[in-house]
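Right, one structure below, let's go through it.
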Amino acid sequence: MIRRKAKEYSGSSLELGGAADITKHVPMKKLKSMKAVKYIILIILGFILHAGYRFITKPSSHGDIIDISPDDIVNSVAPGNTDNDWEDDQNPFLEDLERESKVKEKLGDHAKQVFDNQRTKNTESVKIEKNSEKHKIVKTDEHTKKENKPKENIEKQSPDNNHPKKEIQTNILDNKLNPRNEIERKDLKQEMEIENRIAQLMDDNQESQKLDHMPVEDYKDPEKPIRKDPEVQQEFQQKAEQIAKVVNSNIKTFVLSEGHHTHDIPAIVTAASQQTFSQIEHLVSSVQYFYPKEDIYVFDLDLTDAQRMKLSAFCNVRLRGFWLNLFPSFIHDLSNFHWRPLIIQTALAEFGHITWINPGFKVSSMAFNDLVHKSEEPGILVIGQNADYSTFAVTHPKMYKYLTVDRTQLFKSPHIEVRAMIIHNTEEVMNNFMKLLSACAVEEQCLSPPGAAPSCRFDVTGREYADCHRYDESAVNIILKNWLGHKSAIFMEKSNFLQPINKYDKANPKICKT
């Protein structure tokens, strides 16, 4: 039985030493037919690949077409080879090689010519664009010179004698901000004067660009010292001192002499743009609910006339002007947040002490009085929370060229996410915080260095530099930690006084004007 089974299944069993005759059970005819089918398939694939190659290498534009037919390429004879035709007839292999080389040569020449033609077109188009731009600029300059000769003469006068920008803003102040009485009109003019004088400091110092030529170190190592240019540091300190003089001079003549600013709760200040208008509506509605007797001072960044009219109709809202056209062009980019420290400084000079609230948050409790009491000792209190990453991780390294800080401590301490700040205009706050923050705001390379971006790439620890920047929030963290130490409990409070705005909530501010 065993031998019979082995014989019957000889193709699958070699038991008892029996040899299997494999060829006896292999269908040979089937194999031959399969080979034929494979050859046919390969031939068809060859034709398909050849057709695809011809389709891909076909010129894409009529301007790049060269009139070469396939027969001309294959049958063309290279110069100097007419005497060797008899050798080609006797050597088919050499003839095939020669034809193949000629095809490659022709295709290479064709590709080169197409590339040269396209490059020539691009060069010509660039030249045309440059010439047109140059012509446009020259034309505009000439037109401006013809139209604005009297204006140029005015601008050459000293800033104290009818500064043109200041005069224009004064003329439209009543129409744009609609002050409710003479006291408020005086406030608005005083704010404009502060902004105007700070802007003049910026205009006088915009020629300095020494930072661009300074060497770049390996900033990812917090223990590696930052090499600072003494001239840059000196100019930065001079700006800080000049800003302090501007603010102090206006406080002595204005804030201390006006009793209507000396209330117990610091003035609530914020700023509104076209993009954040709906968020300001939520903030206004929440302040009206929890603190109905308090005014909300809203600085106008770029509101439309309709938004401005709607906002001024809300109860307890007082519009303020931030005159962007007074400042250099880099201030106009609202995403860089140069405007925020300047508005805080202006409001602080007017009111003496303020509560700055960032757009995007609303009042949600009655804990304001306790926070104000806690802010009195250092003169400043940040309402926010500690983040899961360090300030070192979200600060562009070039900011360290201006602001002094222990970067090893900055690497270890958590970053403070700012929602609001209660600030008192004391001498300590001015000398150790506000004048440095304002000086950084008026210096483009300090607050928004080239290459700064808000999006981060954190590592596992959240401490290493994440190739991002938090602009004025980074500056606030650095200055406060350098002044009051890296223990945030001294100057930061996590409170339910403010909450992020829920986009699904509807704001219903009370309207007092129609």
May I ask you to list the residues in the stretch 317-367 that are among the charged types (D, E, K, R) and closer than 17 Å to GLN274 by Cβ?
ARG320, ASP333, ARG340
Which listed residue, of LEU211, LEU201, is part of a helix (DSSP H, G or I), at pLDDT below 70 and in contact with a helix residue (DSSP H, G or I) (Cβ under 8 Å, 6 or more places away or on another chain):
LEU211
So which helices (runs of 4 or more DSSP H) are wholly in the stretch 397-514 and hold at least 2 residues that are under 30 Å from ASP370 (Cβ atoms) and of a type outside the set (Val, Ile, Thr)?
407-412, 435-441, 472-484
What's the total number of residues in the stretch 473-495 that are within 14 Å of ASP406 (Cα to Cα) and surrounded by fewer than 20 Cβ atoms within 10 Å (Cβ to Cβ)?
6
VAL298 vs (1) in a helix (DSSP H, G or I); (2) under 24 Å from VAL429 (Cα atoms): all pass except (1)
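Hey, among LYS310, LYS293, which residue is surrounded by fewer than 15 Cβ atoms within 10 Å (Cβ to Cβ) and of a type in the set (D, E, K, R)?
Numbers: LYS310 fails: surrounded by fewer than 15 Cβ atoms within 10 Å (Cβ to Cβ).
Result: LYS293 is the single residue among LYS310, LYS293 that is surrounded by fewer than 15 Cβ atoms within 10 Å (Cβ to Cβ) and of a type in the set (D, E, K, R).
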Need the failing condition index for SER455 against (1) without any contact (Cβ under 8 Å) to a residue 60 or more places away in the chain; (2) within 30 Å of LYS245 (Cα to Cα); (3) of a type outside the set (Val, Ile, Thr), just the number.
(2)
Which ones in the stretch 405-448 are out of contact with any strand residue (DSSP E or B) (no Cβ under 7 Å at 6 or more places or on another chain), within 30 Å of ASP221 (Cβ to Cβ) and free of Cβ contacts under 8 Å to residues at least 60 places away in the same chain?
ASN432
If you take the residues in the stretch 322-375 that are modelled with pLDDT of 90 or more and among the acidic types (Asp, Glu), which one is nearest to ARG197 (Cα to Cα)?
ASP333
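Let's see how each residue does on (1) surrounded by fewer than 17 Cβ atoms within 10 Å (Cβ to Cβ); (2) closer than 30 Å to LYS506 by Cα:
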{"residue": "LEU342", "(1), (2)": "no, no"}
{"residue": "TRP356", "(1), (2)": "no, yes"}
{"residue": "PRO359", "(1), (2)": "no, yes"}
{"residue": "ILE383", "(1), (2)": "no, yes"}
{"residue": "ASP388", "(1), (2)": "yes, no"}
{"residue": "SER413", "(1), (2)": "no, no"}
{"residue": "ILE423", "(1), (2)": "no, no"}
{"residue": "THR426", "(1), (2)": "no, no"}
{"residue": "LYS435", "(1), (2)": "no, no"}
Select from the stretch 496-507 the residues that are surrounded by 11 or more Cβ atoms within 10 Å (Cβ to Cβ) and touching a Ser or Thr at 6+ places or on another chain (Cβ under 6 Å) and write down the one among them that is farthest from GLU377 (Cα to Cα).
ALA507
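The values are calculated or read from the model by the stated rules, or taken from the named source; none is laboratory data. In this text, all values refer to a predicted model and were calculated from it rather than measured experimentally. Neighbour counts run over all protein chains shown; Cβ positions are idealised from the backbone, glycine included.
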